[in-house]
Amino acid sequence: MNRRRAPLVTAVVTLVVLVVSLASAPAGSAQPEVGPGAVKGVVTDVGGAPVPDIVVSFYRGGSLVGQDETDATGAYEVAPLQPDTFGYYVEFYDPDGEFATEWYDDRSPGDFLYVPVSVAADTTRTGINAVLEAAATITGRLTTATGAPLVGGKVSMWLGAGGGYWSWRTVYTTDANGRYTIDRLKARTYLVEFYDPATGIQEFWDNASNLYASTPIALASGSTVTADAMLGGTIANTRAPTISGTPEVGKALTASPGAWTPAGIALSYRWVVGDDSDPTDDPTGAVYVPRAADVGKTIRVRVTGTALGWLPGSALSAPTGPVAPPAAVVNVVRPRIKGVARTGRTVWVSRGEWEPEAVARSYQWYVAGRRVRDATLRRFVLRPAHVGKRVKVRVRATAAGHSPVTVWTRTVRVRR
C-alpha cells in the first residue's frame, strides 16, 4: 500500500526543489529592460544659417507622438521616443510662414514619399536635419458669374508626383470675400481645383473642366502666384426651343424648351405675339392658348434658363404660322319647328345636328319678321294675334374652341 503512494510523494518533492532553485537563481539572469530613444537635428536655411522657432513634429500611425522647437542655433531634440525599427515621419513647420513646410527627407506635404526615421532603444539618433527654402504662395479669389464673392468655396491643391501623376494634398475654404491663400509651399508644380458646394460647379485652373486639362502652376521659392476663378458663366442653349400645336384661336400651343448647359437649371417661358417688344405683358408658362386679338399674328416662345451662380441665358423659338380664327360650328341638320301651328297650341324647335356635337344653343322666335320679346326658349305658344302670320326661329350654336354659327328654321304659317 505504501509503495503505490511513493510516486506522488516523489513528484511533490521534485516540485519543491524546482521552486527553491528558481528562487535562489542569480539576479543577473533576468531579461534587461528596454529604454526609449531620442532624435536630434539642426534646421538651416538654404544659405546654411540656423533657423530658430521651427516646430519639429514626430508622427507614428497618423498620431503626434513627440515635438520640439528649434533653438537659436537651429537645433532640436525630440525625446523620449519608443524604439521603432520602421520609424517616425518628421514634419518641419514654420509658424511665421517664412519657410516652406516639408517632411523628412526634403519632401513636400502630400507627395507621400516621406522617409521614416527609425529609433533604437537607449540611443540618441543625430543628423536628422532639414534645409528649409523660402515659402511660396498661391492666392486668389473665387466669384460667381454675377461678380459676387463665392463664400465657403472649396480650393483643392494637387501636387505633381512625376510621370503625369498627381497627388491630392488638402482643401482650403474661401473667406467672406471669396479669398483663399495656400502658403508655406515648396518650389514644385501644382494644380488647383475650385468647387462651389452650393451649386456643384467645379473647374480647374485655368478654366479647365478636369484635372488633366488643368494648367499647372510652377512655383519658385519665395514666389507668389495669383489664381482667381469665376465659377459659373452664362447658361447656354444648345438646341433651340420649339412650339407644337396648331396656331388657331382657342387651341393650345405647347413649348418644348430645347437643350441647355449646364443641366438641372430652372426654365421659364414668355410668349411673344407678333412684333411685340414689351416683355412685361407677355403671357407666361409652357402652354399658351391664342386669343381673338392674335389672329393674323405669328407666335414665338422665349425660354430663359437660370441657376445659382450663373448668368441667365435665353433662346427664342422659330415663329408659328399666322394665328387663324377659330373654326366655326357647322350645322349638319337644320333645326325645324315642330308641332301643330294653330292658335293656342305650343310649338317647339328640334335640336338639329352639329359639328362638334357638344354645342350650346340659344333661341329667338320671330313672327311676321319681327322679334318676339322674351321668346327665347325652345317652346312657343301661338296666340290669336299670330293667325295668318309666318313664324320662324333664329338658332345660335356655340362650342368651346369654335366660332359660333347662326341658322334659321323654315317658316310656318299659323292657322286658326
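No lab work stands behind these numbers, since they all come straight from the coordinates. Remember, it's a predicted structure, so these values are computed and weren't measured experimentally. Glycine gets a Cβ as well: all are built from the backbone with ideal geometry, and neighbour counts include every protein chain shown.
Worth pointing out:
- Set of segment 291-324 residues, backbone N closer than 16 Å to the point 7 Å along the Cα-Cβ line of Ala252: 291
- Gain on full stretching of the segment that runs from Thr411 to Thr189 - 0.36 nm per residue minus C-alpha separation: 69.8 nm
- Taking each residue as 0.36 nm, the span from Leu64 to Thr224 lengthens on full extension beyond its C-alpha to C-alpha distance by 54.5 nm.
- Model label zone, Ala161; criterion: amide N under 11 Å from point 7 Å along Cα-to-beta-carbon; scope segment 99-119: 110-113
- At R0 = 25 Å, FRET efficiency that the Cβ-Cβ distance of Thr398 and Thr346 yields, to 0.05: 0.45
- Taking every Cα-Cα distance in segment 136-231 and sorting them into 10 Å bins from zero, the calculated P(r) comes out as 17, 53, 27, 3 percent.
- Phi angles of segment 200-217 translate, via the Karplus equation with coefficients 6.51, -1.76, 1.60 and θ = phi - 60°, into HN-Hα couplings of x, 6, 9, 7, 10, 5, 10, 6, 9, 8, 8, 4, 7, 9, 5, 8, x, 10 Hz per residue; Gly and Pro are given as x.
- Kirkwood analysis of the Cα pair distances in segment 91-178 returns a hydrodynamic radius of 16.0 Å.
- Amide H contacts under 5 Å for Val51: Val43, Thr44, Asp45, Gly74, restricted to partners 5 or more places along the chain or on a different chain, H placed in the peptide plane at 1.01 Å from N.
- Computed helical MRE - 222 nm, the chain, DSSP H runs ≥ 4 contributing -39500 (n - 2.57), nearest 500: -2000 deg cm²/dmol
- Relative contact order (percent, whole number), segment 245-401, Cα cutoff 8 Å, 6+ residue spacing: 19
- Three semi-axes of the equivalent ellipsoid, segment 327-413, Cα gyration tensor, whole Å, largest first: 26, 12, 10
- Phi-based couplings in Hz for segment 64-75 (Karplus 6.51, -1.76, 1.60; Gly and Pro marked x): 6, 10, x, 7, 7, 10, 5, 8, 4, 8, x, 8
- Every Cα-Cα pair of segment 236-316 was included, and the share exceeding 15 Å stands at 56 percent.
- Label-point separation in nm, Lys40 to Thr73, each point 7 Å along Cα→Cβ: 0.8
- Given (1) 85, 51, 36; (2) 99, 45, 39; (3) 156, 92, 35, the label whose value is Cα extents along the principal axes in Å derived from this model: (3)
- Seen from Pro247, the other residues with C-beta closer than 13 Å to its C-beta sum to a net charge of +2, counting Lys and Arg as +1 and Asp and Glu as -1.
- Highest average packing first - 392-401, 354-363, Cβ atoms within 10 Å: 392-401, 354-363
- Note, ³J(HN,Hα) from phi for segment 46-56, Karplus 6.51, -1.76, 1.60, rounded to Hz, x at Gly and Pro: 5, x, x, 7, x, 10, x, 6, 8, 7, 10
- Antiparallel content of DSSP bridges confined to the chain, in %, to 5: 85
- Distance in nm between pseudo-label sites at Val372 and Lys389 (7 Å out along the Cβ direction from Cα): 0.8
- Relative to the longest principal axis of the Cα atoms of the chain, helix 2-23 runs at roughly 90 degrees.
- Charge-dipole axis of the chain as Lys and Arg at +1 and Asp and Glu at -1 on Cβ define it, positive-most pick from Val117, Ala255, Leu382: Leu382
- Pair Leu113, Ala263: separation of 7 Å Cα→Cβ label points (nm): 3.9
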